[in-house]
1. Pop out the ³J(HN,Hα) list for the range 388-400 in order, Karplus 6.51 cos²θ - 1.76 cosθ + 1.60 with θ = phi - 60°, rounded to Hz; leave Gly and Pro as x.
2. If one computes P(r) from the Cα atoms of the chain, what percent of pairs lie at distances over 27 Å?
3. Using mean Cβ contacts within 10 Å as the protection proxy, how do 354-365, 398-409, 281-292, 217-228 order, highest first?
4. Where a Cα-Cα gap under 21 Å defines reach, which lysines qualify for residue 411, not counting those fewer than 8 residues away within the same chain?
5. Quick one: give the max-minus-min coordinate of the C-alpha atoms of the range 112-201 along each principal axis, largest first, in Å.
6. Please compute the length gained on full extension between residue 282 and residue 45, using 0.36 nm multiplied by the number of residues separating them and subtracting their Cα-Cα distance.
7. What nm distance separates the two modelled labels at residue 53 and residue 439, each placed 7 Å from Cα along Cα→Cβ?
8. Find out how many positive minus negative residues lie around residue 138, taking Lys and Arg as positive, Asp and Glu as negative, among other residues whose Cβ is under 11 Å from that of residue 138.
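Derivation of every value follows stated rules applied to the coordinates shown; laboratory data play no part. It should be emphasised that the depicted structure is a prediction, and the values quoted were computed from it without experimental measurement. Every residue, glycine among them, receives a Cβ derived from its backbone with ideal geometry; neighbour counts consider all protein chains shown.
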Amino acid sequence: MRLTFCGGASEVTGSNYLLESKNGEKILIDCGLSQGGHYAEEENFQPFPYDLKEIQAVLVTHAHIDHVGRIPQLVKLGFRGKIYSTPPTRDFAELLLLDSEHILGKEAETHGHEPLYFEKDVKKTMSMWKGVPYHKMFQIGGFNIEIFDAGHVLGSAFYRVHADGKSIVFSGDLGNSPAPIIRDLEPLPESDYVLLESTYGARVHDEADTRQKDLMDAIIGTIRAGGVLMIPAFALERTQDLLYHMDNLVEGGKIPRVPIYMDSPLAIKLTKVYRKYHDYFNETSAAAMASGNDILNFPGLHPCLTPEESKAINRAPAPKVIIAGSGMSNGGRILHHEMRYLSDPKSCLLIVGYQARGTLGRRLQDGDKQVHIFGVEVQVRAKIRSMNSYSAHADGPHLLAWLEPRRDGLKKVFMVHGEEDQGDYLARKVRDELGVAAEVPARGQVVEL
């Protein structure tokens, strides 16, 4: 087999890997948007480094836009193969891609580009997309493929691909198990090679069981100060995890009753998909839903679907809590709230997810005291807090533990989906502690397996 790292190499976004058999059959694993200071970076408008008509299929690990964001562009430009993922990922991806089409269109117009794709391309994409349950074996030409639970977001997967007498695992994003709602990451099956995400390869997260307490402390602290708690949150998984813990806190009487606004039309729609696929939940959450306890709703929660409902939040007096996208503050309704409240020393911005280089969220996390939002300079006087216990990515020790049982059979591990320092650190750990060959590939690098 021949493997080409077309994206997601020494970078966190833009995952895209080309796998070719000795007979010349070609499949892609993910085809994501590269993101940074803009929702879509300039490189997304560059041609794909392969002939789209030669690609037989795309395997999708999960629905985050840095893994699926360019698939409709593939279709628009001539891809006519099949697309595979779990059923929840398919449903999530449709909503996320339609939402992105609007944002991408605006950015393309601003920078003088034709839009990456249009709504009709998303509809065509979904007609080519097939849902596959976990552990089902299927075949694409000479590739034999099996799908496993990655524990990252609902329906997320990693793939084991067999061809030419060898096997390779594409990790996608691996979860920070145990998670509040979804099942745990499954063990690594026997394989020769692994593409391993390294988003937090050099880091150790706070204990997962501190999530609810840390969230409670942030809410109570902001309420006592009389401010506004702003939480930039990814619409998929992070928002639902927050709702799960807020449900526990509200129903358990552990926080004062204040209005909590879910100011994200996309998150509202995605949460409905969660309810559809509650059979993918972990045992505890599935049992709660089956008993009639909606773990994603509680008294005092205000979903804000329309622009008018969003604007009405401004008229509600503090204290209050606002959950809004985007999760890296590089677009979406959270920007309006940050523009309004970042200068308020009584308020707090709670960062609960990864912040890519170049994003407003990263600058705020790094301590910038002046930022520009919609062209207006904003003084940052609000408290900025980060909680890495909410990360949906496995940390360095977790990633090593996932590999360790298969160390004797592994020929090589490739660190992907991570900034270079994270990948380099994790590669050294794999070599030194597990005795397995490991490297951090460069974008465009080709490897013969």
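1. Karplus-based 3J(HN,Hα) across the range 388-400 equals 8, 5, 7, 4, 8, 9, 4, 8, x, x, 5, 5, 5 Hz.
2. Numbers: 51917 of 100576 pairs.
Within the chain, distances greater than 27 Å cover 52 percent of Cα pairs.
3. On the way: 354-365: 20.1, 398-409: 16.1, 281-292: 13.8, 217-228: 18.5.
Ranking the peptides 354-365, 398-409, 281-292, 217-228 by packing returns 354-365, 217-228, 398-409, 281-292.
4. Straight-distance partners of residue 411: 22, 166, 429.
5. That works out to 45, 37, 27 Å along the principal axes.
6. On the way: separation 237, 0.36 × 237 = 85.32 nm, distance 3.94 nm.
Contour length minus the Cα-Cα distance gives 81.4 nm.
7. Here the answer is 3.4 nm between the modelled labels.
8. Values: positive: 82, 130, 136; negative: 146.
My count for the surroundings of residue 138 gives +2.
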